[in-house]
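One structure is given below, encoded as structure tokens.
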Amino acid sequence: MKKITKVLLIYTVPYGITGVPIGLSSIAASLKDKGHEVKIFDTVFYNLKNEKNVDKRRSQIKMTKEIKDEKNVFIEKGDIFLDIHMVIKEYNPDIIGISLLESFFCNCIKIVDYIKKNIGDIPIIVGGVFPTVSPDIVINEKSIDMICVGEGEVSFATLCTNMANNKSIKNIDGIWFKEDGKVIKNNPHKLVDLQSLPYPCFDDFDKRIFYKPMQGKMYKMVNITTDRGCPYNCSFCAAPKLRILFKENNCGMYYRRYSVEKVIEQIHFQLSKQDYEFVYFSSETFLDMPDREFNIFIKEYSKIKLPFWFQTRFETINKERIKKLKKIGMFWLTIGIEHGNEEFRKNILKRRYSNDLIINKMKILSDCGIGVSVNNIMGFPFENRSLIFDTIELNKKLWGINNLIECNIYLFTPYHGCRLRDICEQEKMIDKDLVIDTTQLRPGSVLNFSDSFKEELNGLLRTFNLYVKLPEKYYPQIRIAEQNNKEGDEMFDKLVSMI
Ligand code: B12
Ligand code: SF4
């Protein structure tokens, strides 16, 4: 009989952030492909910090439309520790694998400590972006036995196969482990060949995780992956550092794209598994695609007949392509503006395009009848109220173009692995040991700004959409609505009802 390993995979994500993860689902598929047994436990519906659901908060500050039919997505689950206890007791896994981003690290420690203390000494391995960019922080946690640095499909499957066959698990690329109190650090594994990977396996998730609000309606959405990595250099993102890390370790090119044939095959594969209402193409720059592939995509996708959306960069938009995409079901698209001041955007954020380019591309999208959701960030180091107003004013111009549907505004958060994190440390704007325990969707900057500027940022975060969407004559009233007091709240409610 083939020897297999029973694996419990834990997907950690702060409360309420729905959407199925590609990384862990790809690991699940690779483990199953090698014959191992997999069960998934996800944390998305556990409200560990008693927070408001992020989608509800976004609609409350008018970033998005109010959600009408919630499809039970906001119903919270009870006690995470009790549930994990029960699942582990029933399933009895040989190993537990956790997928981790920085914002869940503090909770992750509580979970792994609980398992080791109350359930038993089951080996625990942690993978994901955070252990990849900050491996020493994660491996030094006493309840974490191993970490995976880099892509885990091959490393983790090899680990499980070796475990099942009582073979050594010591020399597996990508795996760090502890031995006699010492950490053994293997080199990162070569980056995986996307074309030969099994498609991500979504079978074992709570079905509510697929639902995402689009303009106030919840849709069951399938996540289709079209590439990995990113060729750009934004300083608030970890992707450029990951690219350098893999290059320096001779792991290969981080930015890889699936062939268009594989993308289409993947869509058919996922649609044969479950009924979905919407397709989301998971890529930073979906339209970074040569003409030959684009034309095949148009021809083949036209047979699928499901609305879809994606993210791309302004540089990749042209009228001809958008018209063709609209015809086959493109619903809208999300684009990062990030900041309204060209110089600041270029010098601090390392995003090089002009405001004119943004406005022109928005006009193209508007002409083609495509709605747009834009992402903005504020609270960067060296930023002040006047620079934040450059972002407000640019969004206001775009709002006038008529196809801007969502203006998202987030607080800059210096996650490990981002170039701006290093700058924040150098400038003493954060403590160098700080592990971020929040997401950029919530108020409260972690930078050492003065208390009054922090307050101001929270106020601007909640009134950003008022400034963008109401005429300038309301600015004095919006300024009052920035205040975190009764007068501010009352003014906020009054102004919000006008949008
Ligand atoms: C899609 C995405 C999301 C999705 C899905 C997240 C997820 N966990 O998969 C959603 C929308 C939920 C999300 C939310 C957030 N995200 Co996000 N997200 C991304 C994005 C754009 C792509 C990630 C991706 O799918 N990569 C492709 C897959 C294949 O790679 P992967 O997930 O890393 O998985 C591989 C390896 O890491 C490893 N691995 C992963 N898990 C495991 C587990 C085990 C056991 C093993 C062995 C290996 C392993 O193997 C996988 C397969 O090769 C990246 C940016 C980027 N370009 O990388 C940001 C990024 C990962 N996100 C980030 C952040 C900060 C967030 C938020 C906090 C932001 C927010 N909006 O408030 C939230 C919090 C989510 C959380 N889980 O804590 C940061 C993480 C920085 C850090 N130091 O941790 C990134 C890098 C962006 C940035 N700012 O730099 N995100
Ligand atoms: S923010 Fe997007 S475009 Fe910029 S480096 Fe990160 S993944 Fe690439």
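The values are calculated or read from the model by the stated rules, or taken from the named source; none is laboratory data. Bear in mind that the values here come from a model prediction, so they are computed numbers and not experimental data. With ideal geometry, Cβ positions are generated from the backbone for all residues, glycine too; neighbour counts draw on all protein chains shown.
Spot the failing condition for residue 378; the list is (1) in contact with a Leu (Cβ under 6 Å, 6 or more places away or on another chain); (2) within 16 Å of ligand 1 (Cβ to nearest atom), and only one is missed.
The number of the failed condition is (1).
Inspect the stretch 249-271 for any residue being within 15 Å of the chain's Cα centre (by Cα) and either within 11 Å of ligand 1 (Cβ to nearest atom) or of a type in the set (Lys, Arg) (or both) and give the result as yes or no.
Within the stretch 249-271, not a single residue is within 15 Å of the chain's Cα centre (by Cα) and either within 11 Å of ligand 1 (Cβ to nearest atom) or of a type in the set (Lys, Arg) (or both).
Among (1) in a helix (DSSP H, G or I); (2) surrounded by fewer than 19 Cβ atoms within 10 Å (Cβ to Cβ); (3) under 28 Å from the mean Cα position of the chain (by Cα), which single condition is residue 438 missing?
Failed condition: (1).
From 409, 499, 478, which residue is within 28 Å of residue 18 (Cα to Cα) and over 28 Å from the mean Cα position of the chain (by Cα)?
Result of the check over 409, 499, 478: 499.
What about residue 230, is it within 16 Å of ligand 2 (Cβ to nearest atom) and modelled with pLDDT under 95?
Yes; evaluated as a whole, the condition is true for this residue.
What are the pairs, 6+ residues apart or on separate chains, where a residue within the stretch 149-160 that is of a type in the set (A, V, I, L, M) and modelled with pLDDT of 95 or more has its Cβ under 6 Å from a residue that is within 8 Å of ligand 1 (Cβ to nearest atom) and assigned to a helix (DSSP H, G or I)?
149/132
If only one of 486, 432 is of a type in the set (Lys, Arg), more than 16 Å from residue 60 (Cβ to Cβ) and not assigned by TED's automatic domain parsing to the domain that holds residue 235, which one is it?
486
Is it true that some residue in the stretch 27-47 is farther than 17 Å from residue 203 by Cβ, in contact with a Lys or Arg (Cβ under 7 Å, 6 or more places away or on another chain) and either within 16 Å of ligand 2 (Cβ to nearest atom) or not assigned by TED's automatic domain parsing to the domain that holds residue 443 (or both)?
Looking through the stretch 27-47, at least one residue is farther than 17 Å from residue 203 by Cβ, in contact with a Lys or Arg (Cβ under 7 Å, 6 or more places away or on another chain) and either within 16 Å of ligand 2 (Cβ to nearest atom) or not assigned by TED's automatic domain parsing to the domain that holds residue 443 (or both).
Any idea which residue in the stretch 163-203 is farthest from ligand 2 (Cβ to nearest atom), counting only those that are among the hydrophobic types (A, V, I, L, M, F, W, C) and assigned to a helix (DSSP H, G or I)?
Restricting to residues being among the hydrophobic types (A, V, I, L, M, F, W, C) and assigned to a helix (DSSP H, G or I), the top hit is 164.
Of everything in the stretch 212-248, what is crowded, with 20+ Cβ neighbours inside 10 Å, more than 10 Å from ligand 1 (Cβ to nearest atom) and within 30 Å of residue 268 (Cβ to Cβ)? Give them in sequence order.
Within the stretch 212-248, 213, 214, 218, 219, 221, 222, 224, 226 meet the criteria.
Looking only at residues that are part of a helix (DSSP H, G or I) and more than 13 Å from ligand 1 (Cβ to nearest atom) in the stretch 140-162, which one is surrounded by the fewest Cβ atoms within 10 Å (Cβ to Cβ)?
Checked the stretch 140-162; the qualifying residue surrounded by the fewest Cβ atoms within 10 Å (Cβ to Cβ) is 162.
Can you name every residue in the stretch 106-134 that is out of contact with any strand residue (DSSP E or B) (no Cβ under 6 Å at 6 or more places or on another chain) and either within 16 Å of ligand 2 (Cβ to nearest atom) or closer than 23 Å to residue 249 by Cβ (or both)?
Across the stretch 106-134, the qualifying residues are 129, 130, 132, 133, 134.
Looking only at the stretch 243-274, which residues are within 16 Å of ligand 2 (Cβ to nearest atom) and either part of a loop (DSSP other than H, G, I, E, B) or not hydrophobic (A, V, I, L, M, F, W, C) (or both)?
243, 247, 253, 254, 255, 256, 257
Going by the structure shown, is residue 306 more than 18 Å from residue 63 (Cβ to Cβ), part of a helix (DSSP H, G or I) and not basic (Lys, Arg)?
Judged against the criteria, residue 306 is not a match.
Check off (1) aromatic (Phe, Trp, Tyr); (2) more than 13 Å from ligand 1 (Cβ to nearest atom); (3) within 21 Å of residue 375 (Cβ to Cβ); (4) modelled with pLDDT of 95 or more for residue 415 and give me the number that stays unchecked.
(2)
From (1) part of a helix (DSSP H, G or I); (2) closer than 18 Å to residue 156 by Cβ; (3) outside the structural domain of residue 375 (by TED's automatic domain parsing); (4) not charged (D, E, K, R), pick out the condition that doesn't hold for residue 209.
(2)
What pairs can you find where one residue is in the stretch 384-398 and assigned by TED's automatic domain parsing to the domain that holds residue 337, the other is of a type in the set (Val, Ile, Thr) and in a helix (DSSP H, G or I), and their Cβ atoms are less than 8 Å apart, with a gap of 6+ or different chains?
392/468; 394/358; 395/468; 396/468; 397/359; 398/358; 398/359
Exactly one of (1) away from ligand 2 (no atom under 16 Å from the Cβ); (2) modelled with pLDDT of 95 or more is unmet by residue 213. Its number?
Against the list (1) away from ligand 2 (no atom under 16 Å from the Cβ); (2) modelled with pLDDT of 95 or more, residue 213 comes up short only on (2).
Return the pair list, or none, for Cβ contacts closer than 9 Å from residues in the stretch 266-293 that are closer than 21 Å to residue 197 by Cβ to residues that are among the acidic types (Asp, Glu) and away from ligand 1 (no atom under 16 Å from the Cβ), at least 6 apart or on different chains.
As it stands, the answer is 267/300; 273/203; 274/203; 285/315; 288/315; 293/261, since those pairs meet every condition given.
Out of the residues in the stretch 313-334 meeting the condition of being part of a strand (DSSP E or B) and surrounded by fewer than 21 Cβ atoms within 10 Å (Cβ to Cβ), tell me which one is nearest to ligand 2 (Cβ to nearest atom).
Of everything passing the filter in the stretch 313-334, 334 is nearest to ligand 2 (Cβ to nearest atom).
Of the numbered conditions (1) within 16 Å of ligand 2 (Cβ to nearest atom); (2) more than 27 Å from residue 211 (Cα to Cα); (3) modelled with pLDDT of 95 or more, residue 281 fails exactly one; give the number of that condition.
Checking residue 281 against (1) within 16 Å of ligand 2 (Cβ to nearest atom); (2) more than 27 Å from residue 211 (Cα to Cα); (3) modelled with pLDDT of 95 or more, the one that fails is (2).
Contact list please: Cβ distance under 8 Å, first residue in the stretch 225-242 and more than 24 Å from residue 27 (Cβ to Cβ) and outside any helix (DSSP H, G or I), second residue within 7 Å of ligand 1 (Cβ to nearest atom) and modelled with pLDDT under 95, pairs at least six apart or on different chains.
These pairs meet every condition: 232/284.
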